[in-house]
Amino acid sequence: MASVMVTLKIMPESPEVDLNKIKNSVTKKIIAFGGEVGKTEEQPIAFGLKSLNIIFVMDEKKGSTEILEDQVANIDGVKSVEVTDVRRAIG
């Protein structure tokens, strides 16, 4: 089986939410899920609001990321979670 690269777009509840705290919590959940975080970036949205985009690699055998998405959505300060990209990693 191959690995897949998944991009999660996490929207905070407000511009005042500490994205570093969210990033640390999400990273722990991804590792517990069996994934490996590759890249994180903040993307400006509007009026000081930024989304947190986290790219991670997981085994294709895991299947859906729905359980992980639910766990991330329950983190304090997170308004929404969306998978914006899934790609099969070759090699």
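The values are calculated or read from the model by the stated rules, or taken from the named source; none is laboratory data. For clarity, every value in this text was computed on a predicted model and none was experimentally measured. All Cβ positions, even for glycine, are placed from backbone atoms using ideal geometry, and neighbour counts span all protein chains on display. All accessible areas refer to the heavy atoms of the entire protein, side chains included, with ligands and DNA or RNA removed. Shrake-Rupley method; radii C 1.70, N 1.55, O 1.52, S 1.80 Å.
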Evaluate the stretch 24-43: report whether one residue or more is aliphatic (A, V, I, L, M), in contact (Cβ under 8 Å) with a residue 40 or more places away in the chain and open to solvent by less than 30 Å² (accessible area, probe 1.4 Å). yes
Look through the stretch 61-81, keep the residues that are of a type in the set (D, E, K, R), farther than 12 Å from residue 22 by Cα and loosely packed, with under 12 Cβ neighbours inside 10 Å, and return whichever of them is farthest from the chain's Cα centre (by Cα). 61
Can you name every residue in the stretch 39-76 that is outside any helix (DSSP H, G or I) and among the hydrophobic types (A, V, I, L, M, F, W, C)? 45, 46, 47, 49, 52, 54, 55, 56, 57, 58, 75
In the stretch 3-17, is there at least one residue being out of contact with any Ser or Thr (no Cβ under 7 Å at 6 or more places or on another chain), surrounded by fewer than 16 Cβ atoms within 10 Å (Cβ to Cβ) and under 21 Å from residue 87 (Cα atoms)? no
Give all pairs with beta carbons closer than 9 Å in which a residue from the stretch 59-84 that is closer than 20 Å to residue 38 by Cα meets a residue that is part of a loop (DSSP other than H, G, I, E, B) and open to solvent by 100 Å² or more (accessible area, probe 1.4 Å); count only pairs at least 6 apart in sequence or on separate chains. 59/1; 60/1; 61/1
Restricting to the stretch 1-16, count the residues that are part of a loop (DSSP other than H, G, I, E, B) and either in contact with a strand residue (DSSP E or B) (Cβ under 6 Å, 6 or more places away or on another chain) or aliphatic (A, V, I, L, M) (or both). 4
So residue 48 ticks every box in (1) touching a Pro at 6+ places or on another chain (Cβ under 6 Å); (2) open to solvent by less than 60 Å² (accessible area, probe 1.4 Å); (3) modelled with pLDDT of 95 or more but one. Which box is left unticked? (3)
